[in-house]
Amino acid sequence: MKKINFFKGNFGKKELNNVKSTLQSGWITSGPKTILFEKEFKKKIKVKNAISVNSCTSALHLSLVSLNLKKGAQVIVPSWTFASTLEVVCYNNNLHPIISDVDFRTKMISPSILKTLLKKHKNVKAIIVVHFAGKSAEMDNLGSLKGINEICKKKKIKIIEDCAHAFPTIYKNKNKYVGNSNNLCCFSFYANKTITTGEGGMITTNNSKIANRLKILRQHGMSRNVWNRYTNKSNKWEYDIIELGYKYNLPDINSSIGIEQLKKSDLMRKKREYVAKKYYAFLKDCENIILPKINSSELKNNSWHIFSITLKNENIKFRNDLIEKLNKIGISTSVHYKPLHLMTYYKKKIKMDKKYFPNSNRLWKTTISLPIYDKLKLADIKNITKNIIKFTTNV
Ligand SMILES: *Cc1c(COP(=O)(O)O)cnc(C)c1O
């Protein structure tokens, strides 16, 4: 039996050689490689600032800190996301997280969901938008329909974009990359993301004032970082601590991998788009499943990080059995996500009524993510889809 992984990274000689050269250089923490990685990332996204950090969780946390929200401020996060998006709000006891349901088809907070939520909660000062699976959320206006950016601007609500899935992704109805924005955009280079540094993250923004503060916050609140002091001609050692900071910098070892991953990011995306197209083609007649909503012109705008299908059968046992049956024949799948309002800790901490989450509750019982990565073979895709059709029709 051939095993089909849920995810497989793509590392070659280039990554190896770049890590080797970093080790041989004698400088392994944040230095020239990290500066280069930031420069190349910035160039790719066409954004004014890119601030590297050691994870997307750190990126989200620092972004939130940089907003200086006052005691009692409410921060909206979606139920349909990874733990990081919510935990960073809870790091600060003065902030009140509001967990939101998501749109059934996109699994994201939509402008209309946001508008309804804002009628109910009167002290919302920030929102963390998640671009789920690789498609962008509805940030910009579409004709007379207001996008998330405009709704928030009117109410002076700050936006953090969780872009952990969205590299490289093009904004809906725009001709620019997710991350090229005045908002604070947080990327992840965790082991299983579209490009990886093992662990790592990046904040991008066109807001240069906040960008400069983020650079100080990521390294203990120091007025000057170590590399800067080391390379300074006068060899000036002195630095000052100008505010409470964190230890969130990205080491050169990790950046050496990132520099090489970045170079092949478009090629890897193109191959994932191919996998997605095949899934659509092979599963389009399978009447018991709902495929991710996309129109064909958007195929190329999607990073295709996750491919989640939804089962029409709403019995959670049916979904779990399907995962088990696929697993038995060597096909690994996953679930993105178990909604955060159902997690033990957050259920206790945040008062929430289950009735506010009709879409996430249904999705939680019916969703399953299929393997999608550049190395997945056509034969594997055929094998996966053939068995999904078999297991969802003969029950
Ligand atoms: C992976 C992920 C994160 C966390 O990224 P790290 O780099 O591991 O901290 C945050 N949000 C979402 C939506 C993710 O998928």
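The values are calculated or read from the model by the stated rules, or taken from the named source; none is laboratory data. Since the structure is predicted, the reported quantities are computational estimates derived from the model, not experimental observations. Backbone-built Cβ (ideal geometry, glycine too); neighbour counts: all protein chains shown.
Can you say whether GLU324 is part of a loop (DSSP other than H, G, I, E, B) and away from the ligand (no atom under 15 Å from the Cβ), as far as the supplied structure shows? Can you show your working first?
On the way: part of a loop (DSSP other than H, G, I, E, B): no; away from the ligand (no atom under 15 Å from the Cβ): yes.
In short, no.
Where residues in the stretch 176-192 are farther than 17 Å from LYS209 by Cβ and in contact with a Gly (Cβ under 9 Å, 6 or more places away or on another chain), which of them is surrounded by the most Cβ atoms within 10 Å (Cβ to Cβ)? Walk me through it before giving the result.
So in the stretch 176-192, the residues farther than 17 Å from LYS209 by Cβ come out as 176-180, 186-192.
Okay, now just the ones that are also in contact with a Gly (Cβ under 9 Å, 6 or more places away or on another chain), so 186-192.
Numbers: CYS186: 33, PHE187: 29, SER188: 30, PHE189: 30, TYR190: 18, ALA191: 12, ASN192: 13.
Ranking the candidates gives CYS186 first.
May I ask you to verify whether LYS33 is crowded, with 21+ Cβ neighbours inside 10 Å, at pLDDT 95 or above and basic (Lys, Arg)? Can you show your working first?
Values: crowded, with 21+ Cβ neighbours inside 10 Å: yes; at pLDDT 95 or above: yes; basic (Lys, Arg): yes.
So LYS33 passes the test.
Looking at (1) within 14 Å of the chain's Cα centre (by Cα); (2) under 16 Å from ASN302 (Cβ atoms), which one does GLY201 not meet, given that it meets all the others?
(2)
Considering only residues that are under 22 Å from GLU260 (Cα atoms) and either of a type in the set (A, V, I, L, M) or surrounded by fewer than 21 Cβ atoms within 10 Å (Cβ to Cβ) (or both), which ones fall in the stretch 197-222?
Answer for the stretch 197-222, where residues must be under 22 Å from GLU260 (Cα atoms) and either of a type in the set (A, V, I, L, M) or surrounded by fewer than 21 Cβ atoms within 10 Å (Cβ to Cβ) (or both): GLY198, GLU199, MET202, ILE203.
Would you confirm, using the coordinates I've provided, whether LEU64 is within 15 Å of the ligand (Cβ to nearest atom), hydrophobic (A, V, I, L, M, F, W, C), crowded, with 21+ Cβ neighbours inside 10 Å and more than 14 Å from ILE157 (Cα to Cα)? Working first, answer last.
Working: within 15 Å of the ligand (Cβ to nearest atom): yes; hydrophobic (A, V, I, L, M, F, W, C): yes; crowded, with 21+ Cβ neighbours inside 10 Å: yes; more than 14 Å from ILE157 (Cα to Cα): no.
For LEU64, the condition - within 15 Å of the ligand (Cβ to nearest atom), hydrophobic (A, V, I, L, M, F, W, C), crowded, with 21+ Cβ neighbours inside 10 Å and more than 14 Å from ILE157 (Cα to Cα) - is not met.
May I ask you to verify whether ILE127 is buried (at least 23 other Cβ atoms within 10 Å of the Cβ), within 17 Å of ILE160 (Cα to Cα) and away from the ligand (no atom under 12 Å from the Cβ)?
Working: buried (at least 23 other Cβ atoms within 10 Å of the Cβ): yes; within 17 Å of ILE160 (Cα to Cα): yes; away from the ligand (no atom under 12 Å from the Cβ): yes.
For ILE127, the condition - buried (at least 23 other Cβ atoms within 10 Å of the Cβ), within 17 Å of ILE160 (Cα to Cα) and away from the ligand (no atom under 12 Å from the Cβ) - is met.
I'd like the full set of residues that are assigned to a helix (DSSP H, G or I) and either surrounded by fewer than 24 Cβ atoms within 10 Å (Cβ to Cβ) or in contact (Cβ under 8 Å) with a residue 40 or more places away in the chain (or both), limited to the stretch 89-113. Let's see the steps before the verdict.
Quick first cut of the stretch 89-113, residues assigned to a helix (DSSP H, G or I) only: 89-90, 111-113.
CYS90, PRO111, SER112, ILE113 - these are the residues of the stretch 89-113 that are assigned to a helix (DSSP H, G or I) and either surrounded by fewer than 24 Cβ atoms within 10 Å (Cβ to Cβ) or in contact (Cβ under 8 Å) with a residue 40 or more places away in the chain (or both).
What are the pairs with Cβ atoms under 9 angstrom where one residue, in the stretch 1-18, is farther than 27 Å from THR385 by Cα and without any contact (Cβ under 8 Å) to a residue 24 or more places away in the chain and the other, located anywhere, is surrounded by 15 or more Cβ atoms within 10 Å (Cβ to Cβ) and of a type in the set (Gly, Ala, Ser)? Sequence gap at least six, or different chains.
Close Cβ pairs (under 9 Å, with a partner that is surrounded by 15 or more Cβ atoms within 10 Å (Cβ to Cβ) and of a type in the set (Gly, Ala, Ser)) amount to ASN17/SER256.
Look through the stretch 200-224, keep the residues that are of a type in the set (A, V, I, L, M) and more than 18 Å from LYS33 (Cα to Cα), and return whichever of them is farthest from the ligand (Cβ to nearest atom).
As a first pass, look at the stretch 200-224 and keep what is of a type in the set (A, V, I, L, M): 202-203, 210-211, 214, 216-217, 222.
If we keep only those that are more than 18 Å from LYS33 (Cα to Cα) too, we end up with 210-211, 214, 216-217, 222.
On the way: ILE210: 20, ALA211: 19, LEU214: 16, ILE216: 21, LEU217: 16, MET222: 23 Å.
Result: MET222.
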